[in-house]
Amino acid sequence: MAPPQNLFLVAIAFAVIFTASIVHGRHNGAEDIVHSSCEHASYPSLCVRTLSSYSGPTITNRRDLAQAAIKISLSHAQSAAKKLAVVRDSVGKKKQEKAALVDCVEMIGDSVDELSRTLGVLKHLRVSGGSAKEFRWQMSNAQTWASAALTDDDTCLDGFQGMDDGEIKTEVKQWMTKVARVTSNALYMINQLDETRGKPHDVHL
């Protein structure tokens, strides 16, 4: 018979292996739903990259995925808002450039607010147990706010059309294009959730 200390070490090793297999299963489950859901998104590779690196709660279904996508979009919008405010306050007196930046800061501020509202709706979304009418009303609100955020992102970029290329225009275009693309992907996830009511593609752990 093996000494007690050896049995203890075997028990610890088994526990470590068992825990690792569970974590690995969860990780694979989240990866599966991300890849399958991003396949037809507006920007598939960006969708996979941002959602795969998402550090929030484990993604187990389409509702989690839509929330994660909006959180990512909101984070990018908030970051862009801070950068744009700094540039607006430090830019020279070129009238067209200054006006475009002032409008853009306002637009991205509206976008942040709209994405926050979208996230609020998704957090309280009743994918089961509620009436179809209630679900449709919640989804309509989420889609409306996310669409408005995307429109504001595009409107910001429109303000720089026809302006000579320069460091500021290049930076703003880079920031806002990224925000617009992750927001477009997030809106796609919301639309997918609307079609499935959050039930298919659940990951059973």
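Counting only protein heavy atoms and a 1.4 Å probe, tell me what percentage of region 28-197's accessible area is made up of carbon and sulfur. Answer for region 28-197 is 49 percent, counting heavy atoms of protein chains only.
Given the pairs Lys83/Lys123; Lys123/Lys173; Lys82/Lys178; Lys83/Lys178; Lys82/Lys123; Lys83/Lys169, which span a C-alpha to C-alpha distance of over 22 angstrom in this model? Listed pairs above 22 Å: Lys83/Lys123; Lys123/Lys173; Lys82/Lys123. Our coupling estimate for region 100-107, obtained by passing each phi through the Karplus curve with A = 6.51, B = -1.76, C = 1.60 and θ = phi - 60°, is 5, 5, 4, 5, 5, 4, 5, 5 Hz, Gly and Pro reported as x.
For region 177-193, the Karplus equation 6.51 cos²θ - 1.76 cosθ + 1.60, evaluated at θ = phi - 60°, returns couplings of 5, 5, 4, 4, 6, 5, 5, 4, 5, 5, 5, 4, 5, 5, 5, 5, 5 Hz by residue, with Gly and Pro reported as x.
Entry comment: accessible area of region 28-197 is 50 Å² per residue, from protein heavy atoms only and a probe of 1.4 Å. Net charge in the neighbourhood of Leu84 (other residues with Cβ under 11 Å of its Cβ; Lys, Arg +1, Asp, Glu -1) is -1.
The values are calculated or read from the model by the stated rules, or taken from the named source; none is laboratory data. Remember, it's a predicted structure, so these values are computed and weren't measured experimentally. Here Cβ is always computed from backbone atoms with ideal geometry, including for glycine, and neighbour counts include all displayed protein chains. Please note that ligands, DNA and RNA were not included when accessible areas were found on the heavy atoms of the full protein model with its side chains. Shrake-Rupley method; radii C 1.70, N 1.55, O 1.52, S 1.80 Å.
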